[in-house]
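The values are calculated or read from the model by the stated rules, or taken from the named source; none is laboratory data. Not measured: the values here are computed from a predicted model. As a convention, Cβ positions derive from the backbone with ideal geometry for all residues, glycine included, and neighbour counts pool all protein chains shown.
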Amino acid sequence: MILVRSHALTPFLREAFCSMLSLTPKQKIMKLTNLFGKVLFVWVILSCQAGFAQTSSSGQATALQNGPNGKAIMAYYTAFEKKDWNLIQQFLADGFTFSSPLDDHINLKTFKDKCWPNCYKIKKFDLTKVVVNGDDAFVITNGWTTDGKLFRNSDYFKFKDGKITAYECFFGPGINYPNSGK
């Protein structure tokens, strides 16, 4: 005897399974073939959508430019590369704070005095992973100093109205961050 529990199967599968019990063998094969075709079709569609969701790092940069928070992220790193304080300043909100293992929620003036001079030691950034969720974003970067040393950061951004309200930079000991002395 076959037992069908209603909580174990979705209504669609339960109905399909129960209706097959009263069918002839040929009809069962036809139904299974039809069901298999539908499942295969859904799988192909979902696979295609997953493929379109993946982007390369250059595609990711292009996609970031479509939203105000993405533009602010790109401007932040570009400003360091180009040593352009005016570029970064236009994307920093009133009340902006910066945090790192060395600094705890310092204000904009202290950030400019203490951290901005690092831009002269930074050659470039590669954004390896960017996750934007509303007004929050996590970014993993590989950065290179002007003397060719690699450093890697994990950064957290908080936004309001397309401007950065808080930036938290995470790096560990023994790294080659420009002002770490390593």
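Check A63, A79 and return the single one that is assigned to a helix (DSSP H, G or I), under 23 Å from the mean Cα position of the chain (by Cα) and at pLDDT below 95.
Checking each option against the conditions leaves just A63.
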*Search result, residues across segment 142-165 that are buried (at least 18 other Cβ atoms within 10 Å of the Cβ) and closer than 22 Å to N86 by Cβ*: G143, D155, F157, F159, I164
*Looking only at segment 141-160, count how many residues are modelled with pLDDT under 95 and either at positive phi or among the aromatic types (F, W, Y) (or both).*
3
*Can you tell me which residues in segment 105-138 are closer than 17 Å to S154 by Cβ, charged (D, E, K, R) and out of contact with any helix residue (DSSP H, G or I) (no Cβ under 7 Å at 6 or more places or on another chain)?*
K129, D136
*Would you check if there is a residue in segment 79-91 being aromatic (F, W, Y), surrounded by 14 or more Cβ atoms within 10 Å (Cβ to Cβ) and touching a Ser or Thr at 6+ places or on another chain (Cβ under 9 Å)?*
no
